[in-house]
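A short worksheet on the structure shown next.
Laboratory data are not the source of any read-out in this text; all were calculated from the coordinates shown. Not measured: the values here are computed from a predicted model. Cβ atoms come from the backbone with ideal geometry, glycine included; neighbour counts cover every protein chain shown.
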Amino acid sequence: MLKFYFGPMDCGKSTLALQMNYNHGRQGRRGLVLTKHDRSGGARVTSRIGLGLEAVEVVDSLDLVELVTGQTGLDYLICDEACFYSVEQIEQLADLVDGHGIDVYAFGLASDFRSVMFPAAQRLFELADEVCRLQVEVLCWCGRPGLLNGRIVGGELVRTGEQVVIGDTDDSPVRYQVLCRRHHRAGLLGEGT
Ligand SMILES: [Zn+2]
C-alpha cells in the first residue's frame, strides 16, 4: 500500500508521521523513517510540537530499493518531506510496494510557493493507492482555511525563484506563511506580518 498524506506547512504532517511510526512499532512491525530538508537541518524528523526521531536523509543519489532490500525484515517506510524527493525515488517507492511487499506512508506538501505542484508530489498523486488531505486546520490570517504556502522575502510575497529554498531559519532572508487561496493570489499577508 502506497499512501500519500498532504497538506500545507504546520498542518501536523511530521507529527502524524512520527505517530504512525510509533503505532506500527508497537505492533512489532519494523520500519525505517526517511526525511529530506527537515526543519531541524539534520537527519531527523522533528515536529513543531516538539517530537523528534533519527531518520535517514534522502539525498538525490540514494536508491530507495537498495536501501530497503539491503536490510532484512522491513515491513514499512515512513517518508517525511516526500515532496522534495526525486521523481525517480517516488517510482522506487512504488517498486517497493509492488515488488517487495513494503507499506509506504509518504507525507509532504503538494504545492510550492507559487501554488504549483512539486514533481514528486505530482507523481505520488498519480501512483498512490490512497491520497489524503490532512484535516488539521491551519488558518490564514483572515480565518479561512490555509491551503497554500506563500514565500516571503523582504516582507513581500514572491512568485518567482527556485522551487526549493530553505527558509524560516535564523540566517535565511526567506520565510513561509500559510495563506488561503484568495490571499495567496492577492499577495496580501495581513496586518502585523
Ligand atoms: Zn486569507
Whole-Hz couplings from phi, Karplus 6.51/-1.76/1.60, listed for the range 48-53; x for Gly and Pro: 5, 8, x, 7, x, 7
Alpha-carbon centroids, the range 62-108 and the range 11-56: separation in whole Å: 15
Likely footprinting exposure, Thr46, Thr72, Thr35, fewest C-beta neighbours within 10 Å first: Thr72, Thr46, Thr35
Those GluC sites (Glu not before Pro) in the range 93-188 that DSSP places in a loop and that have at most 12 other beta carbons within 10 Å: Glu137, Glu162
Approximate spin-label separation Glu156-Asp168, in nm, with each point projected 7 Å along Cα-to-Cβ: 2.4
Residue with peak Gaussian network fluctuation, the chain [Cα springs, cutoff 10 Å], from Val178, Val131, Val45: Val131
5 angstrom amide H check on Ser111, placed H, neighbours 5+ away: Phe118
Residue order, fewest to most surrounding Cβ atoms within 10 angstrom, among Asp38, Asp170, Asp80, Asp63: Asp170, Asp63, Asp38, Asp80
3J(HN,Hα) from dihedral phi, the range 138-149, Karplus parametrisation 6.51/-1.76/1.60, rounded to Hz, x for glycine, proline: 10, 9, 5, 4, 8, x, 6, x, x, 10, 10, 9
Between helix 87-100 and the chain: long-axis angle, C-alpha atoms, 0 to 90°, nearest 10: 30
Residues with amide H under 5 Å from that of Val178, placed H, sequence gap 5 or more: Gly150
With Cα atoms, 0 to 90° folded angle of helix 13-26 axis to the chain main axis: 20
Test item: Cα-centred dipole of the range 104-193, Lys/Arg +1 and Asp/Glu -1 on Cβ, debye: 420
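Using Cα-Cα distances under 8 Å and only pairs 6 or more residues apart, what relative contact order does the chain have, in percent?
Numbers: 384 pairs, mean separation 46.9, N = 193.
This gives 24 percent for the chain.
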For the range 119-125, Karplus couplings with θ = phi - 60° (6.51, -1.76, 1.60), whole Hz, Gly/Pro x: x, 5, 5, 4, 5, 5, 4
Sequence-distant residues sharing a close amide H with Val131 (under 5 Å, placed H): Phe4
Share antiparallel - DSSP beta bridges, the chain, percent rounded to 5: 40
Inter-centroid distance (Cα atoms) of the range 167-190 relative to the range 110-153, Å: 14
Backbone N within the range 100-120 under 11 Å of label point (7 Å from Glu126 Cα along the Cβ vector): 119-120
